[in-house]
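Each remark here refers to the structure printed beneath this line.
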Amino acid sequence: MPYAPLPEYPAEAQVKHWTGTGLFLVKADTDTGVVNGVTTIRRTGHSILDKAAEKALYRWKFPPGVGAGGIIIPVTFTTKGVQISYGAGRTPSGRASK
């Protein structure tokens with residue numbers, strides 16, 4: 001992954017010990033690798049965490065030819081920080097599986 005910054009864990013969420021795992025469908029332009037769409041498939045349980053994840057995912061850049069069909073990215077906020085499972089999955093049709 002050429003550029004994949006982790007989401008920032010919002011201070012308010014840290015203070016309140018909010019945690020959760022969300023699933024996000026990320027789509028990118030096949031020529032440039034620039035993310036052109038992020039869809040929340042499953043919320044983290046806290047909108048502030050969802051927004052932090054979406055903001056970071058929009059900053060990602062994929063290698064050319066990757067991400068057009070969509071890649072499902074799990075983002076987990078824990079009391080120890082943020083974790084992302086890279087290359088979590090893509091359905092053969094490019095659609096997110098539920």
Considering each of Gly37, Gly67 in turn, give the residue that is small (Gly, Ala, Ser), in a loop (DSSP other than H, G, I, E, B) and under 13 Å from the mean Cα position of the chain (by Cα). Gly67
How about the range 18-33: which of its residues are out of contact with any strand residue (DSSP E or B) (no Cβ under 6 Å at 6 or more places or on another chain) and more than 16 Å from Gln83 (Cβ to Cβ)? Thr30, Asp31, Thr32
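Tell me yes or no: at least one residue of the range 51-59 is surrounded by 15 or more Cβ atoms within 10 Å (Cβ to Cβ), basic (Lys, Arg) and at pLDDT 95 or above.
The answer is no; no qualifying residue exists.
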Qualifying residues in the range 60-98 (those that are closer than 26 Å to Lys16 by Cα and polar (S, T, N, Q)) - the one modelled with the lowest pLDDT: Ser85
Filter result (open to solvent by 30 Å² or more (accessible area, probe 1.4 Å) and more than 24 Å from Thr79 (Cβ to Cβ)) within the range 1-40: Met1, Pro2, Tyr3, Lys27, Asp29, Thr30, Asp31, Thr32, Val34, Asn36, Thr39
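The values are calculated or read from the model by the stated rules, or taken from the named source; none is laboratory data. Everything quoted here is computed from the prediction, not taken from an experiment. We place every Cβ from the backbone using ideal geometry, glycine too, and count neighbours over all the protein chains shown. Surface accessibility is based on the protein's heavy atoms, side chains included, excluding ligands, DNA and RNA. Shrake-Rupley method; radii C 1.70, N 1.55, O 1.52, S 1.80 Å.
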